[in-house]
Amino acid sequence: MHLRVYRYNPETDAKPRMQDYTVALEARGKMVLDALLAIKAQDDSLAFRRSCREGVCGSDGLNINGINALACVTPLTGLRQPIEIRPLPRLPVIRDLVVDLSQFYRHYRAVKPYLINLDPEPERERLQSPAERAELDGLYECILCACCTTACPSFWWNPKRFLGPAALLQACRFITDSRDQATEERLDFLEDPYRLFRCHAIMNCVEVCPKGLNPTAAIGKIKALLVKRAL
Amino acid sequence: MRTVAGARRGLDLWLWQRASAVVMALYLPAFALYAAIHAPLDYTAWRGLFDPLIVKLATLIFIAAALLHAWIGLREILIDYVHVLGLRLALYLAFGLLYAGCLLWAAAILWGTA
């Protein structure tokens, strides 16, 4: 099996290069992560992130044959060879396939991804009806792998100012939550030509999300709430 | 609780773009129907279509909507691609003037048929 892997060490290399690898691996039933681990066994200088190896931790978001995906849940069968593996686009490379996600997390932090509720804490818990809880389906499952945000052209053009699909999905998640009391404050923050309105519904985010979520719909919901509030 | 507010802009233009799209979506089939009723259309009949004041006004509103729609779309593209502020503002203005000129020109054509 042939793979071409992006190699770059900013401290020693003048520029990035693609390195070819051949690994003896039966593709059936194996994932891209298995191939990367096989490469690591023969060349331990290759750096990449991985942890849970089952699509839950979101560590191994990579650009595989041009499409952002989690290496651990992307089957090797069906991939054109040589399989080109690059780091997530538009983020600074720390080494090889490891990118600096600081910007991504700054946007995540900016949307205050936690419940804001100034009522005194109840004895046991803040209750929701099953219907209110169901509103969060499709929003809370995000694992912050950054596949969507780094696939978004609007993020590529304005990475510092556009929050990106992942952060906006989380913004929508807390706006939607019946227990949250800061909806107005959250909408105020988002009503901005850059933070929210750089989204042109390109929908790359929907295409690549390994959890099958729909950030574009969440962004549409935020826009609808802004319109409702304004009119 | 307004301390972390955004620029509180963006929504207005986004809404205007949708509103102008609605105007175009209403006008185009209505005009197509209106023209179909008056078929066959030779040059005189085509000119005649724009004689009633209501048609002149509707057409002018349609053109204004199309130009506004185009300008807002162009603004989005410029925000995405032109990051030099001075150049971007100059381009906003240049296209704004161009489109305003187009609107005046359209008005002159519409009222020049009488």
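Numbers for the structure displayed
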| read-out | value |
| --- | --- |
| FRET efficiency estimate (nearest 0.05) - Cβ-Cβ, B:Arg18 to A:Lys160, R0 30 angstrom | 0.65 |
| Across A:Lys30/A:Lys211; A:Lys112/A:Lys221; A:Lys160/A:Lys221; A:Lys15/A:Lys160, pairs whose alpha-carbon gap is larger than 21 Å | A:Lys160/A:Lys221; A:Lys15/A:Lys160 |
| Karplus-derived 3J(HN,Hα), 6.51/-1.76/1.60, for each residue of the stretch A:36-42, Hz, glycine and proline x | 5, 5, 5, 5, 4, 5, 9 |
| The stretch A:105-189: trypsin sites (Lys or Arg not before Pro) in DSSP loop, at most 11 other beta carbons within 10 Å | A:Arg124, A:Lys160 |
| Built amide H within the under 5 Å cut-off of A:Val99, gap 5+ | A:Ile94 |
| Of the chymotrypsin sites (Phe, Trp or Tyr not before Pro) in the stretch A:186-231, those whose Cβ has at most 12 other Cβ within 10 Å and which sit in DSSP loop | none |
| Within 10 Å of each Cβ in B:80-90, the average number of Cβ atoms from other chains | 1 |
| Amide proton proximity set for A:Gln19, modelled H, under 5 Å, gap of 5+ | A:Val5, A:Tyr6, A:Arg7 |
| Mean separation of Cα contacts under 8 Å (6+ apart) over length of chain A, as relative contact order % | 18 |
| Rg and Dmax [Cα atoms of chain B; Å; Rg one decimal, Dmax integer] | 18.4, 64 |
| Computed over the stretch B:10-110: relative contact order in percent, which uses C-alpha pairs under 8 Å that are six or more apart | 36 |
| Gap separating the Cα centres of the stretch B:81-114 and the stretch A:129-206, nearest whole Å | 35 |
| √(5λ) per eigenvalue of the Cα gyration tensor, the protein assembly as shown, largest first, Å | 47, 28, 20 |
| Per-pair calculated FRET efficiency, R0 = 41 Å: A:Tyr140 and B:Tyr92 via Cβ, rounded to 0.05 | 0.55 |
| Backbone HN-Hα couplings from phi across the stretch A:112-121 [Karplus 6.51/-1.76/1.60, Hz, Gly and Pro as x] | 6, x, 7, 5, 10, 9, 8, 5, x, 5 |
| For chain A, the longest site-free run once GluC sites (Glu not before Pro) in DSSP loop states with at most 16 other Cβ atoms within 10 Å are removed | A:142-231 |
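Since every read-out is calculated from the coordinates, none of them should be taken as a lab result. Keep in mind that this is a model prediction, so the values were computed, not measured. FYI the Cβ positions are ideal-geometry reconstructions off the backbone, even for glycines, and counts take in every protein chain you see.
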